[in-house]
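Remarks on the structure that follows.
Only the coordinates and a few stated rules stand behind these numbers; no lab work does. Remember, it's a predicted structure, so these values are computed and weren't measured experimentally. All Cβ positions, glycine included, derive from the backbone under ideal geometry; neighbour counts span all protein chains shown.
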Amino acid sequence: MKLLGRTVLVTGASSGIGEAVARAAHARGATVLLVARGETKLKALSEELGIRAHYYTCDVGSESAVSELAAAVQADGHSVDVLVNSAGSGRWVSIEDAPPSELVDMAKVPYLAALLTTRAFVPGMLSRRAGWIVTVNSGVSRAVWPGAVGYASARWALRGLDLALKSDLRGSGVGATEVVLGTVSSSYFANNPGSEDKLPKIARIVPTVSPSQVAEGICRAVERRRGTLIMPWQMKFVSTSSQHFPRMNHFMLWLTGARRKGALLKR
Ligand SMILES: NC(=O)c1ccc[n+]([C@@H]2O[C@H](COP(=O)([O-])OP(=O)(O)OC[C@H]3O[C@@H](n4cnc5c(N)ncnc54)[C@H](OP(=O)(O)O)[C@@H]3O)[C@@H](O)[C@H]2O)c1
């Protein structure tokens, strides 16, 4: 789907991957609707981009806030052609170290947020028989590592959402892309302190990519209607090895990751 003249709504547009996608889509001639909670950065980005950029503050983890967002977007006369679900957060912590309320928040954003925003904007796409839904996901949705239970399980839910959408929307004119990423040089690790230390040593051999590289990849994937985008290309080995050699993959990530002190090599 060409982005020129389309309307692209991006969640998490005030920072990192979402911000870069908004910039890249805008540069391709799309109208961009920028969504996040904090107003300052959204307003600054919207003013910088100028025409064809509008912003909406919204906690996309809240059902009522997403309904209000959809109503506001409609009242402003926008029809969303492409939805990019990039809002996400969550510290990498062992299950017993995460307060229950934090685990709930990690499930809300990104997973419930992507489900709710898709529910809000897919009816318009279906009625026009055209649209695209992008889910920004992590390599942890292919290969898990220790010390990140809330984070990892929410990304597996995102993977399920993308697969379920592909099945449900088949033949409807609305497609979906899942974006599976290694480390990206955004503010994610600064915004979620303590997480980067938990990245298994073996995973550090995958090069870091920039938000703008990811954004270019996402725009190209939407334009070419590709169902999956894995970045950088070295992540494909992680994905393939987890599929064909799951036990070895799991063991190596555990062995070189933030495993529990005194944990036995035997299961
Ligand atoms: N960076 C990486 O290395 C990496 C790698 C793989 C996957 N990912 C995934 O990519 C996604 C985006 O990460 P990023 O690197 O772009 O992170 P980031 O730079 O921290 O940006 C997160 C964005 O999400 C927004 N957000 C957070 N909670 C929200 C909520 N409840 N409602 C609305 N917006 C919300 C933030 O704005 P407000 O705080 O103002 O709401 C911000 O715009 C995450 O799910 C992350 O797991 C990142």
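Evaluation of Asn249 against the conditions (1) of a type outside the set (A, V, I, L, M, F, W, C); (2) more than 18 Å from Ser15 (Cα to Cα); (3) in a loop (DSSP other than H, G, I, E, B) shows that the sole unmet condition is (3). Among the strands (runs of 3 or more DSSP E) confined to region 1-85, the ones with at least 1 residues that are near the ligand (Cβ under 10 Å from one of its atoms) and under 25 Å from Gly182 (Cα atoms) are located at 7-11, 31-36, 82-85. If only residues of region 87-105 that are acidic (Asp, Glu) and either closer than 30 Å to Ala20 by Cα or touching a Lys or Arg at 6+ places or on another chain (Cβ under 7 Å) (or both) are counted, the one that is nearest to the ligand (Cβ to nearest atom) is Asp105. Glu196 meets all of the listed conditions (1) out of contact with any helix residue (DSSP H, G or I) (no Cβ under 8 Å at 6 or more places or on another chain); (2) within 12 Å of the ligand (Cβ to nearest atom) but one, namely (1).
Checking region 178-193 against the condition returns a match, with at least one residue being more than 30 Å from Ser79 (Cα to Cα) and away from the ligand (no atom under 11 Å from the Cβ). Pairing residues of region 203-227 that are over 25 Å from Ala258 (Cβ atoms) with residues that are more than 12 Å from the ligand (Cβ to nearest atom) and hydroxyl-bearing (Ser, Thr, Tyr), at Cβ distances under 7 Å and at least 6 apart in sequence or on separate chains, gives Ala221/Thr177; Val222/Thr177; Arg226/Thr177; Gly227/Thr177.
For region 169-213, name all the residues that are closer than 28 Å to Met248 by Cβ and of a type in the set (A, V, I, L, M). Within region 169-213, Val179, Val180, Leu181, Val184, Leu199, Ile202, Ala203, Ile205, Val206, Val209 qualify. State whether the residues of region 200-212 include one that is more than 9 Å from the ligand (Cβ to nearest atom), assigned to a loop (DSSP other than H, G, I, E, B) and closer than 26 Å to Leu165 by Cα. No.
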